[in-house]
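Trainee: For reference, the structure I am asking about is given below.
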Amino acid sequence: MRNLRLLKSLRCLELQGPGTPQCFSVRTDTGTVLIASEYSVTELDTRAGQVVNEVSLTAESYLPEDGSGTVVGIQDLPDQESVCVATATGDVILYNLNTNQLECVGSVDSGLSAMSWSPDQELVTLTTGQDTIIMMTKDFEPITEVGIHQDDFGEGKFITVGWGKKETQFHGSEGKHAAQRKTIEVQPAMSWDDRRPRVTWRGDGQLFAVSAVCPQTGARKVRVWNRECVLQSTSETVNGLEQSLCWKPSGSLIAATQRHPNKHSVVFMEKNGLLHGDFTLPFGKEQVKVKELLWNSDSTVLAVWLEDMTPGEGGQVNTYIQLWTVGNYHWYLKQNLYFGSDPQRAPAYVSWDPERPLRLHLVTRGWASLNYDWGWSTDRSHGEDGQDNANVAVIDGDKVLVSTFRQCVVPPPMCAYDLQLPAPVNLVTFQRQSTNELAALTADGHISVYGQGTGEQSEPAAGLRGFRSVTHPPQLKTTYRVAVDQEEPLALRLLLWLRDDVFLGVVGCTEGPSQSKLLILGPSEAQGPQPTLEIRSHVEVEGHVISMCHSSKTGTVALQLEDGQIRKFLWDSLKPSVVEWQDSTGCRLNFPDPCVQTALFTIEEEHLLGLTDRSHLFVGETEVASNVSSFVVYDDFLLLTTHSHTCRCLRLSTLTVKGLQVALAADGQNQNDQNDETLRRVERGSRIVTVVPQDTRLILQMPRGNLETIHHRALVLAQLRKWLDSQKFREAFECMRKLRINLNLIYDHSPKVFLESVETFLRQLDSINHINLFLTELKEEDTTTTMYPCSVNTTGQSAPVACGKKVDIVCDALRCTMESMDQHKYCLSILTSHVKKTVPELEIALQKVHELRVNPPSAANAVSAEEALKYLLFLVNVNELYEHSLGTYDFDLVLMVAEKSQKDPKEYLPFLNMLKTLEPNYQRYTIDKHLKRYRKALHHLSKCGEEHFNETLNLVKDQRLYSEALGLYPTDSPQYKALSCAYAEYLVEQQQAEQAGLLLWRCGEATRALQAFVGSASWRNALCVAEQIPLPSDQLALLARDLAEKLIELRRYTEAAILLERYAKDCEEAISALITGAVWEEALRLVYLYNRQDIIETNLKPALLEACSSQTSYLEVQRAMFTRHKTRLAVVRELKEKARLELLDEDVPDCPEAELYSEASSVMTGSHAGSKYSHSNSRISSRSSKNRRKAERKKLSLKEGSPLEDMALLHALAEIIHSVDKMREEVHSLLKALVLFQFDGQAGRLQQAYGEALQMIEVALPEVWQEGLQQTQAPITGPNSTANSIMASFQQPRPSATQDSETPPPPKMRNGVKWKLSILK
């Protein structure tokens, strides 16, 4: 739905060459034009307006001096820095542009009728006067010569399988009469046909087509030849086929023209010569003749050069050039250039630029050179309120096809309505205030203004069964004649409708070829036969203005010149002027490259946004993206599509220019993030057509031309937030339900406002089903932080005002409001609010249903108990509801639910009848036990008397409800004692004998309590119980010795010594236990307390020396292991770093797949590291936890070459450090004892060895646990990673990705613990 807009027209009128231009060629390297006439070849610089070179063709008799000669072709050859010229007399001339010398490289006696070079300029084809084709190389060496008229069809001749005769075949829509149709005689070529062959090449240079008049029939035929000049196919007989011929560069179709009895068409042929599609020219069948057809280089525009067949007044004919485009299989006439009837203004030759697809060159017979630069534009209305219909206007000849996307999405070429104008339309613009009004500039220089009528919506049309039109075409308000010199077509090339009847136009300036003139047009006050737009003021601009854009918010008009310079037009001042565009700091801003689409928007300040034809998006001088295919600015959003097939929607108020650049640079990086509302995948080649204001719809057009409507998540959420802020809950709910937005957002967006507006919410929805839908979708999740995060801090968003869970808060608030409004109307919603709570209140819901059954409401809108129960069964599983009804102990309610279920009455009636016969407490116990509510069952069973205590005890044992059961009986009751004994037995089984002893002790079972305390080595409690029993002294001593043995086994030597000393009265055993436990000071105390100094010599000193020796040996072993592990760790790290560098050096940076290698290497490293254990891990997945721990330890193997050897070494080093650091207190105590008994030498050596070990560890810590080791544990891959970030992570030293989670933290040394003795040196 794009139109062709004239960006720039370059006119050069002051030249006057010899003769009349016959053909020309564009030099791509210099931009000049080589024009051939019957006298000379002239090189013209159209921008400077001067002749660069000129060489005469008559001086060396290549052409006759009387001007009767003809140049049949001219071609620039950049590789040879020459120009090839072919004359009708048969000469092929090479004109050297450096030396200005002419050279005849060949001559044909019969003359030449056409010359055509292949697109790669490797071959040239010449058609001769004898109707032959000569093919030559670029060095003019003949390859072959064949006749144009061949009797054979060609190599692509169709194969007939012989299935019957033509008369017996199916003829489709033509019907059976086609079988009897007689062969129509072939009509000869038109009388005005010049009968010259036409040669055209396919874009890839593999095929070329020749259209020539057949000597037998006199009609034109098209033949297709390959690059070796071998005939491929011949066209079918086409009556009325005319001389024009042009092969579409993309290679699909050959364009020609055909005159039918009732119409004049452009027809398309396939390379096999069969017709394939056509479109009708907007002229009568005998009105015009087509001189040439020309495809532009990218096959998007077809230029048709026409001329009237019948002379007008003065015997002169009118000339036209039409530009056609195709979309959705419909051909649109986008531009109509009318050159009038003056023969000097008529084009002599027309050609597209070979490099710029939308630049059209033409030279008139009066030696005027015209260059037209076109650009694609989507003409849309610019309103941002709900009154704007989202209009998009498409030019199609003398019609403007208008689609109003607010009311309907109509696929082109259809539309909501079309506006018929008296002349072809060149330009359309919409008003900035009344955005549904448009103005159309026609080729005859008039502006037609259309506006909405004053009538209201029409009544249903008669005979249409009540249908009415949803959109109404605007009415023609007035037609203005523009008071602008119309010497050339499209003199007024750009047009903006600023306000009311004020227009801004751009015309070329006659004072200079590189100047433009801005015109402010307004209605003339002078009365005349026709309203006129006169020039109220004008401003000249240095340079060609190629685009204008206007902001309805700020009133700014921005201009762009052809070199990308930006200007601001101050049009609303007393004296309009053009100033340079500057930012807030006063710096001038310009686009680095000219842009084909511009728009004004605000990020901190007003900026001009521009998109080049190479997909670069600029904000002033800053390039923010390089893969943008289309964009539109709407309200506070920038929407754009990219060549990576995504549609971005960015909120401008939350961004800076730098932030916009960063956001667009990450296009596609967050594609795995389903909550990224700014990104949406779209179909390949999608372009933005328009946005429906104050709506959520975005219209996209596909490459073929069909339309798609999407609801971009960012637009949807922005509109929802507006509705919720203004408490338009119904509109928000309908949109969310339609577009599958989580309904939790209604509450999460503004919890406080919602809770204050619950009644408004209910009244607006006014639908039980909608309220129930909202309640059933409630979740504890805060969607504003998870699913729909919003970067804008809206005023309504706040934390929930009440404490508690969100679902419970909303359900309670809605239920209270509904009960106060109309509890009968909202009965089903009230039931839903009970069921949807975090802990479903099914019993309350069932009670409400039961009340409806007992006391049916009389209100008209009330719900019956049957309906309520049926709805409740829809929300809750029937079996679950039956069990909850049973848990209410209300048998009427149970029967009501059971009747609605699929249960067989034989299943539940006997059970219910049995329950009714039981005592109430035992009945409830039976129900609770059936429902597996054992705590409630225990509570009811405890009230059933002593005769049921055994059943109670069994229930407690089975369900382990000991604590609950103890709370139900008095502490002095026999039941309490029995429960305590049972609980103690259970605790003993659970290896909690000490707690069992406490229970037994407090309930009077002292003997059993003593056994429990002894079993748990709780010696203090055991002695207390022994004294309470009481035990005799000899048994008490034996008890103390047994307890001491257990404590010694548990390495609790000090406590064992207390038992032996105080209760067993054996001081020697006590001292021996202390010496064994290295409790030197306490052992000395007992030695001197009991006057046993002999033990010092016999036991203490030998034990001291042995401890000193063992500690010294242990330290030596630990130091040796630490040194060995540290050295091996350095080697392992060096090997891994070398392997990593080798992986990166395998030609990865030099190939385009470097990023893939870097990513694959990370994956390969992880898989290789874990491959050894992958099978074993799968085998041990079901083993015990002990085996799993064993497997984990085996995984961290210290064996050289194991995958995780470096991690195993780190763990081993950490264990050594912990064990050595833990010896501080033990070494300190041993040193004091050694010094006391004058073992200074041994003590000094021990102190020195321990100090050296600690110092070695402290020095090695930074080397082993390198700085930054922990920071590299972040994963190097993931949805937010890029190829560069992955490569950067590999460049820095880091452990393997599989080791990160197992890296132990660096141990902390307890340097604050004092252990040294200063008396030792």
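The values are calculated or read from the model by the stated rules, or taken from the named source; none is laboratory data. All figures in this text were calculated on a predicted structure; none of them were measured in a lab. Neighbour counts run over all protein chains shown; Cβ positions are idealised from the backbone, glycine included. All accessible areas refer to the heavy atoms of the entire protein, side chains included, with ligands and DNA or RNA removed. Shrake-Rupley method; radii C 1.70, N 1.55, O 1.52, S 1.80 Å.
Trainee: Taking every alpha carbon pair in the range 338-383, what does the distance histogram look like in 5 angstrom bins from 0, in percent?
Mentor: Spelled out bin by bin, the range 338-383 gives 5, 19, 20, 17, 13, 10, 7, 5, 2, 0 percent.
Trainee: Step by step: find N for the range 556-605, compute 2.2 N^0.38 Å, then divide the Cα radius of gyration by it. What's the final number? Kindly include the intermediate steps, with their values, before the conclusion.
Mentor: On the way: Rg = 11.4 Å, N = 50, 2.2 N^0.38 = 9.7 Å.
The reported ratio for this selection is 1.17.
Trainee: What FRET efficiency do you get for LYS900 and GLN847 if R0 is 22 Å and r is their Cβ-Cβ distance, rounded to the nearest 0.05?
Mentor: That gives a FRET efficiency of 0.85.
Trainee: While we're on this one: Rolling a 1.4 angstrom probe over the protein heavy atoms, how many square angstrom per residue are accessible across the chain?
Mentor: Computed with neighbouring chains in place, this is 48 Å² per residue.
Trainee: Further question on the same structure: For ARG195 paired with PHE153, estimate the spin-label separation in nm (one decimal), with each label point 7 Å from Cα along the Cα-to-Cβ line.
Mentor: 3.0
Trainee: Using alpha-carbon pairs under 8 Å, 6+ residues apart, how would you state the relative contact order of the range 243-358 in percent?
Mentor: Values: 246 pairs, mean separation 20.7, N = 116.
With pairs under 8 Å counted, the relative contact order is 18 percent.
Trainee: Relative to the first principal axis of the alpha-carbon coordinates of the chain, what is the inclination of helix 1033-1049, with its axis defined by its Cα atoms, in degrees from 0 to 90 and to the nearest 10?
Mentor: The angle comes out at about 30 degrees.
Trainee: Quick one: check the C-alpha center-to-center distance for the range 991-1027 versus the range 393-453, whole angstrom.
Mentor: Here the answer is 100 Å between Cα centres.
Trainee: Next question. To the nearest 0.05, how large is the calculated FRET efficiency for ARG1124 and TYR1090 if R₀ is 45 Å and r is the Cβ-Cβ distance? Don't skip to the answer; put the middle values down first.
Mentor: On the way: r = 48 Å, r/R0 = 1.08.
So, using R0 = 45 Å, E works out to roughly 0.40.
Trainee: Over all directions, how big on average is the projection of the convex hull of the alpha-carbon atoms in the range 623-777, in square nanometres? Write out the running numbers ahead of the final one.
Mentor: Working: hull surface 41.1 nm².
Reported value for the Cα convex hull: 10.3 nm².
Trainee: Based on alpha-carbon atoms only, what is the radius of gyration of the range 526-673 relative to the globular estimate 2.2 N^0.38 Å? It would help to have the intermediate numbers written out before the result.
Mentor: Values: Rg = 17.6 Å, N = 148, 2.2 N^0.38 = 14.7 Å.
Ratio of Rg to 2.2 N^0.38 Å for the range 526-673: 1.20.
Trainee: In nm, to one decimal, how far is the modelled label at GLN121 from the one at GLU313, with both set 7 Å along Cα→Cβ?
Mentor: Distance between the two pseudo-spin positions: 4.8 nm.
Trainee: Using a Cα-Cα cut-off of under 19 Å, which lysines could be cross-linked to LYS553, ignoring same-chain neighbours fewer than 8 residues away?
Mentor: List returned: LYS568.
Trainee: Rounding to the nearest 10 and keeping the result within 0 to 90°, find how far the Cα-based axis of helix 1080-1089 lies from the longest principal axis of the chain.
Mentor: Rounded to the nearest ten degrees, it is 10.
Trainee: In a shell of Cβ-Cβ distance under 12 Å around GLY375, excluding GLY375 itself, what net charge do Lys and Arg (+1) and Asp and Glu (-1) give? Write down the numbers at each step before the final one.
Mentor: Numbers: positive: ARG2, ARG5, LYS8, LYS334, ARG356, ARG359, ARG493; negative: ASP373, GLU562, ASP613.
Cβ neighbours under 12 Å give a net charge of +4.
Trainee: Report Rg(Cα)/(2.2 N^0.38 Å) for the chain, keeping two decimals. Please list the in-between numbers first.
Mentor: Working: Rg = 48.8 Å, N = 1321, 2.2 N^0.38 = 33.8 Å.
Rg over 2.2 N^0.38 Å, computed on Cα atoms: 1.45.
Trainee: One-quarter of the Cα convex hull surface for the range 463-614, in nm²?
Mentor: Details: hull surface 59.9 nm².
Seen from a random direction, the Cα hull of the range 463-614 projects 15.0 nm² on average.
Trainee: Taking the alpha carbon gyration tensor of the range 859-995, what are the square roots of 5 times its eigenvalues, largest first, to the nearest whole Å? Present the calculation step by step, with values, prior to reporting the outcome.
Mentor: Values: eigenvalues 307, 51, 34 Å².
Ellipsoid semi-axes (Å, largest first): 39, 16, 13.
Trainee: Cross-link partners among aspartates and glutamates for LYS728, C-alpha distance below 18 Å, same-chain residues fewer than 8 apart left out?
Mentor: ASP385, ASP695, ASP748, GLU756, GLU759, ASP766
Trainee: Kirkwood Rh, the range 241-297, all Cα pairs: how many Å? Please list the in-between numbers first.
Mentor: Details: mean 1/r = 0.0858 Å⁻¹.
Mean inverse Cα-Cα distance, inverted, gives 11.7 Å.
Trainee: Still on this structure, I have one more. Just want to confirm a number: the relative contact order over the chain, from Cα pairs under 8 angstrom separated by 6+ residues, in percent.
Mentor: Numbers: 2314 pairs, mean separation 53.6, N = 1321.
RCO, the chain: 4 percent.
Trainee: Something else: Per residue and in cubic angstrom, what volume does the convex hull of the Cα atoms of the range 202-242 have? Intermediate results must be reported in sequence, preceding the final value.
Mentor: Details: hull volume 3.0 nm³, N = 41.
That works out to 73 Å³ per residue.
Trainee: Taking 7 Å along the Cα-to-C-beta vector as the label spot, tell me the ASP79-GLU708 distance in nanometres, rounded to one decimal.
Mentor: Going by the 7 Å Cα→Cβ label model, 4.3 nm.
Trainee: Show me, for the range 407-421, the HN-Hα J-couplings you get by feeding each phi into the Karplus relation (A = 6.51, B = -1.76, C = 1.60, θ = phi - 60°), rounded to Hz, glycine and proline as x.
Mentor: Each residue of the range 407-421 in turn: 8, 7, 10, 9, x, x, x, 6, 7, 5, 7, 10, 10, 8, 10 Hz.
Trainee: Write down the radius of gyration of the range 924-1051 and its Dmax, each obtained from C-alpha positions, in Å.
Mentor: Computed over the Cα atoms of the range 924-1051, radius of gyration and Dmax are 18.0, 58 Å.
Trainee: Ok, one more. Identify all lysines with a Cα-Cα distance to LYS157 below 16 Å; exclude those on the same chain that are fewer than 8 residues away in sequence.
Mentor: LYS221, LYS271
Trainee: Counting only other residues whose beta carbon sits under 14 Å from that of ARG1002, what net charge do I get with K and R as +1, D and E as -1?
Mentor: Values: positive: LYS977, ARG1008; negative: ASP972, GLU994, GLU1005.
Charge balance near ARG1002 sits at -1.
Trainee: If amide H atoms are built 1.01 Å from N in the plane of the peptide, which residues on other chains or at least 5 residues away come under 5 Å of the amide H of LEU241?
Mentor: Here ARG220, ARG259 satisfy the definition.
Trainee: Using amide H atoms built 1.01 Å from N in the peptide plane, name the residues 5+ places from ASN744, or on other chains, whose amide H lies under 5 Å from its own.
Mentor: Correct list: empty.
Trainee: With both bridge residues required to lie in the range 1-114, what share of the DSSP beta bridges run antiparallel, to the nearest 5%?
Mentor: Values: 32 of 32 bridges.
In the range 1-114, DSSP labels about 100 percent of beta bridges as antiparallel.
Trainee: What's the angle, to the nearest 10 degrees (0 to 90), between helix 920-930's Cα axis and the longest principal axis of the chain?
Mentor: 60
Trainee: In addition: Can you give the net charge of the other residues whose Cβ lies under 11 Å from the Cβ of PRO489, counting K and R as +1 and D and E as -1?
Mentor: Working: positive: ARG11, ARG345, ARG493; negative: ASP444, GLU487, GLU488.
Neighbourhood net charge equals 0.
Trainee: Can you give the relative contact order of the range 15-172 as a percent, counting alpha carbon pairs under 8 Å and 6+ residues apart?
Mentor: Values: 307 pairs, mean separation 17.6, N = 158.
Relative contact order of the range 15-172: 11 percent.
Trainee: Let me have the 222 nm mean residue ellipticity of the chain computed from DSSP H runs of 4+ only, each contributing -39500 (n - 2.57), with the sum over all residues rounded to the nearest 500.
Mentor: Numbers: 33 runs with 415 residues, N = 1321.
Calculated at 222 nm, the ellipticity per residue is -10000 deg cm²/dmol.
Trainee: Considering only protein heavy atoms and a probe of 1.4 Å, how much of the accessible area of the chain is carbon and sulfur, as a whole percent? Write down the numbers at each step before the final one.
Mentor: Numbers: 31010 of 63990 Å².
Ligands and nucleic acids excluded, carbon and sulfur give 48 percent.
Trainee: If you average the C-alpha positions of the range 291-364 and of the range 248-283 separately, how far apart do those two centres end up, in angstrom?
Mentor: Comparing the Cα centres of the range 291-364 and the range 248-283, I get a distance of 16 Å.
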